[in-house]
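> Have a look at this one.
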Amino acid sequence: MSTIRPPAKRNHWIFSVNPHHYHWDTLFVKGKEMWRGAGTRPDAIRGLKQVRKGDRVLCYHAAPERALYAIAEVTRDPYPDPHDRDSKMMVADLRAMERLPRQVNLDELRENTAVRKLKFLKNVRLIISQVSEEEYQEILRMAGIVATPGLPLP
């Protein structure tokens, strides 16, 4: 008799990039890509080590845009950057899912009491920040993504 395991809990993240160095459109042009945005920052590497295949990523552009831009999916657990000879950097493979119908800027996030406790809002220099299920759903709502009965949100 086989037991049915419940699906693993999907986590949600904000990945932040400087659009002058990497623009999220690059991911959408390629479809999927090895994301190297954590660099060697210890806080970013610690965050990236918690990311798992199947997790959803809210793609954020830092200054000058300061807005959530798109949704991506992690397609492989993080692993050492094959281009880093010192093996200090970690990367994750991402697949483009969809651009947000409406970008959600930093001021809007700060004004919304439902997401005001986001760790990211306390330190916008974070490259990787976890987002709760409730916060994720509220951000999608702010971006204009509304649930269709019977269909899961991205």
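Residue-wise test of (1) closer than 21 Å to residue 139 by Cβ; (2) hydroxyl-bearing (Ser, Thr, Tyr).
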site	(1), (2)
37	yes, no
42	no, no
58	yes, no
67	yes, no
87	no, yes
97	yes, no
107	yes, no
112	yes, no
125	yes, no
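> For the stretch 9-37, give me each residue that is surrounded by 14 or more Cβ atoms within 10 Å (Cβ to Cβ) and among the hydroxyl-bearing types (Ser, Thr, Tyr).
Answer for the stretch 9-37, where residues must be surrounded by 14 or more Cβ atoms within 10 Å (Cβ to Cβ) and among the hydroxyl-bearing types (Ser, Thr, Tyr): 16, 22.
Residue by residue, here is whether (1) part of a loop (DSSP other than H, G, I, E, B); (2) touching a His at 6+ places or on another chain (Cβ under 7 Å); (3) closer than 18 Å to residue 124 by Cβ; (4) at pLDDT 95 or above holds:
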| position | (1), (2), (3), (4) |
| --- | --- |
| 37 | yes, no, yes, no |
| 40 | yes, no, no, no |
| 43 | no, no, yes, no |
| 52 | yes, no, no, yes |
| 57 | no, no, yes, yes |
| 60 | no, no, yes, yes |
| 65 | yes, no, yes, no |
| 73 | no, no, no, yes |
| 78 | no, no, no, yes |
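> Among the residues of the stretch 80-100, what is the count of those that are within 30 Å of residue 144 (Cα to Cα) and touching a Ser or Thr at 6+ places or on another chain (Cβ under 7 Å)?
The number of residues fulfilling the criteria is 3.
Table: residues versus (1) surrounded by fewer than 15 Cβ atoms within 10 Å (Cβ to Cβ); (2) in contact with a Pro (Cβ under 7 Å, 6 or more places away or on another chain); (3) in contact (Cβ under 8 Å) with a residue 12 or more places away in the chain; (4) within 19 Å of residue 59 (Cβ to Cβ).
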residue	(1), (2), (3), (4)
78	no, no, yes, yes
85	yes, no, no, no
88	yes, no, yes, no
91	no, yes, yes, yes
100	no, no, yes, yes
103	no, no, yes, yes
109	no, no, yes, yes
114	yes, no, yes, no
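> Still on this structure, I have one more. Just wondering, is there one or more residues in the stretch 75-91 that are in contact with a Phe, Trp or Tyr (Cβ under 8 Å, 6 or more places away or on another chain) and not aliphatic (A, V, I, L, M)?
No - not one qualifying residue is present in the stretch 75-91.
The values are calculated or read from the model by the stated rules, or taken from the named source; none is laboratory data. Nothing here was measured: the structure is a model prediction, and the numbers come from that model. Here Cβ is always computed from backbone atoms with ideal geometry, including for glycine, and neighbour counts include all displayed protein chains.
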